[in-house]
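Where a number appears in this text, it was derived from the coordinates with a stated rule and is not lab data. Because the structure is a prediction, the values reported are computed rather than measured. Don't worry about glycine lacking a Cβ; one is built from the backbone with ideal geometry, like all the others, and counts go over all protein chains shown.
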Amino acid sequence: MKAVRIHEVGGPEVLRYVELDVPDPETGEVQVRVAAAGVNFIDLHHRTGRYPVELPMILGTEAAGTVVQVGPGVDHLSVGDPVAFVLPHRSAEGRGNAGGYAQLVNVPTDFTLRVPDGIELKTAAALMLQGLTAHALATSAYPVQRGDVVLVHSASGGVGQLLTQLCVRAGARVIGVVSTAEKAALARQAGASDVLRYGDGDLAVEARRLSGGAGVDAVYDAVGRDTFDASLASLRVRGTMVLFGQASGQVPPFNPHSLNTRGSLTLVAPSIVHYMRTRAEFERRATDLFGLVEAGNLDVRIDRTFPMSEVADAHRYVEERRTKGKVLLIP
Ligand SMILES: NC(=O)c1ccc[n+]([C@@H]2O[C@H](COP(=O)([O-])OP(=O)(O)OC[C@H]3O[C@@H](n4cnc5c(N)ncnc54)[C@H](OP(=O)(O)O)[C@@H]3O)[C@@H](O)[C@H]2O)c1
């Protein structure tokens with residue numbers, strides 16, 4: 001079987017599509033023939049070394065496909081089942097030989113779920129890391145309340161479109177922030193009632209104007225360094241800043257006392273790993289997402305698919321800030 005493996009960290013050129021043997025699945029594992037593997041920002045962080053990993057490493061933190069072998073001790077999945085999985089603990093556990101960017105992969109069943117018949121495998125793959133993250137953000141990191149006004153950065157990205165839809169479904173008004181007119185249209189399509197573009201005036205002033213002067217209830221920000229200050233300045237008294245990524249770089253050290261002087265603000269920096277610590281929590285969130293899709297209440301936009309052999313182009317596409325939904329690799 002073939003898989004995308006890195007032997008050193010670096011640019012997209014370190015990605016190698018190589019022939020490898022895959023062992024039989026171990027206890028508690030199933031072997032999956034991958035139909036579609038998701039590309040996520042975290043894969044870029046693994047590739048560049050921003051998040052330390054054990055080398056060599058097969059990249060990929062999520063995929064969907066069909067079970068082709070069942071390991072000992074697995075009784076709830078069978079050969080032929082359509083499944084989707086997420087591997088959230090990869091950096092921590094150094095599971096270098098199991099990654100989603102592969103034709104075949106052995107995965108633990110803790111974070112593997114049978115895909116309902118009405119849902120395509122590509123959609124299921126797209127709902128794993130980005131969907132689970134959007135779910136955790138909107139229901140747990142800052143649980144959106146009916147009547148809230150929230151600011152969602154990167155509202156046309158993979159997480160952004162799903163998060164915007166979930167916030168709107170919960171009864172919030174979403175102000176999206178994006179970089180281009182094309183992305184603004186997608187943020188509106190996801191349900192944002194207003195969309196701001198970086199560079200068009202002062203973000204915090206605009207966010208305050210659109211929230212009746214008081215400031216927004218919460219900001220979801222995964223851009224990091226470039227937007228952190230403006231995000232804090234957009235919040236109402238006792239508002240919540242949800243900092244869940246660093247697409248533009250890490251936020252430099254700052255004085256926590258400024259959260260007090262700026263209005264007793266709350267800062268939360270969630271990682272999806274801590275919002276699906278058990279099989280039950282993963283299953284609850286994933287089942288919720290599948291249910292929304294089946295009912296026609298959540299639109300999962302597949303932006304681009306790349307042949308797995310063209311993985312370097314897929315990484316460049318994300319790095320060049322061109323994504324407008326999910327990016328998938330097809331083995
Ligand atoms: N904490 C967690 O557990 C967790 C889990 C999943 C994802 N994340 C984070 O969530 C963010 C979005 O992930 P995603 O999978 O939705 O990615 P995505 O679809 O590629 O969206 C990323 C968006 O970030 C915006 N962006 C702003 N500055 C950027 C920069 N310097 N370089 C690249 N993009 C930039 C771009 O939108 P504009 O052009 O409109 O600005 C881009 O479309 C990432 O930062 C990721 O690390 C965190």
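Observations on the model:
- Neighbour count of at most 11 Cβ within 10 Å plus DSSP loop: longest trypsin sites (Lys or Arg not before Pro)-free window in the chain: 1-145
- The helix-based estimate of mean residue ellipticity at 222 nm for the chain, built from -39,500 (n - 2.57) per DSSP H run of four or more residues and divided by its residue count, is -7000 deg cm²/dmol to the nearest 500.
- Compactness ratio for the range 186-261: Cα radius of gyration over 2.2 N^0.38 Å (N = residue count) comes to 1.11.
- Nonlocal amide H pairs with Leu104, under 5 Å, H built at 1.01 Å: Lys2, Val34
- DSSP beta bridge pairing in the chain, given as percent antiparallel to the nearest 5: 55 percent
- Taking a sphere under 13 Å around the Cβ of Thr109 and counting the other residues whose Cβ falls inside, with K and R at +1 and D and E at -1, yields a net charge of -4.
- Charging the Cβ of each Asp and Glu at -1 and of each Lys and Arg at +1, and nothing else, the dipole of the range 21-179 about its Cα centre rounds to 760 debye.
- Phi to ³J(HN,Hα) by Karplus 6.51 cos²θ - 1.76 cosθ + 1.60 over the range 313-324, Hz, x for Gly, Pro: 5, 5, 5, 4, 4, 5, 5, 7, 6, 9, 5, 9
- Judged by the gyration tensor of its Cα atoms, with axes a ≥ b ≥ c, the range 255-331 is oblate; a/c meets the 1.5 cut and b/c is at least as large as a/b.
- The relative contact order of the chain, computed from alpha carbon pairs under 8 Å that lie at least 6 residues apart in sequence, is 17 percent.
- For the range 8-145, the fraction of C-alpha pairs more than 20 angstrom apart is 47%.
- Taking the convex hull of Cα positions in the chain, its mean projected area over all directions (nm²): 15.8 nm²
- Most fluctuating residue given options Thr261, Thr66, Thr305, as computed from a GNM of the chain linking Cα atoms under 10 Å: Thr261
- Compared with the dominant principal axis of the Cα atoms in the chain, helix 158-169 is inclined by about 60°.
- Interatomic Cα distance distribution for the range 86-204, bins of 10 angstrom, percent: 13, 35, 29, 19, 4
- Dipole of the range 211-330 [Lys/Arg +1, Asp/Glu -1 at C-beta], most positive-end residue of Pro256, Gly224, Gly296: Pro256
- Take every pair of alpha-carbon atoms less than 8 Å apart whose residues are at least six positions apart; their mean separation over the length of the range 1-103 yields a relative contact order of 33 percent.
- For the range 211-279: relative contact order, % (alpha-carbon pairs under 8 angstrom, 6 or more apart): 32 percent
- Straight Cα distances below 23 angstrom link Lys324 to the lysines Lys122, Lys183, with same-chain residues fewer than 8 positions distant left out.
- For the range 158-289, Kirkwood radius (reciprocal of mean inverse C-alpha pair distance, Å): 15.8 Å
- Where N is the number of residues in the range 217-268, Cα Rg divided by 2.2 N^0.38 Å: 1.02
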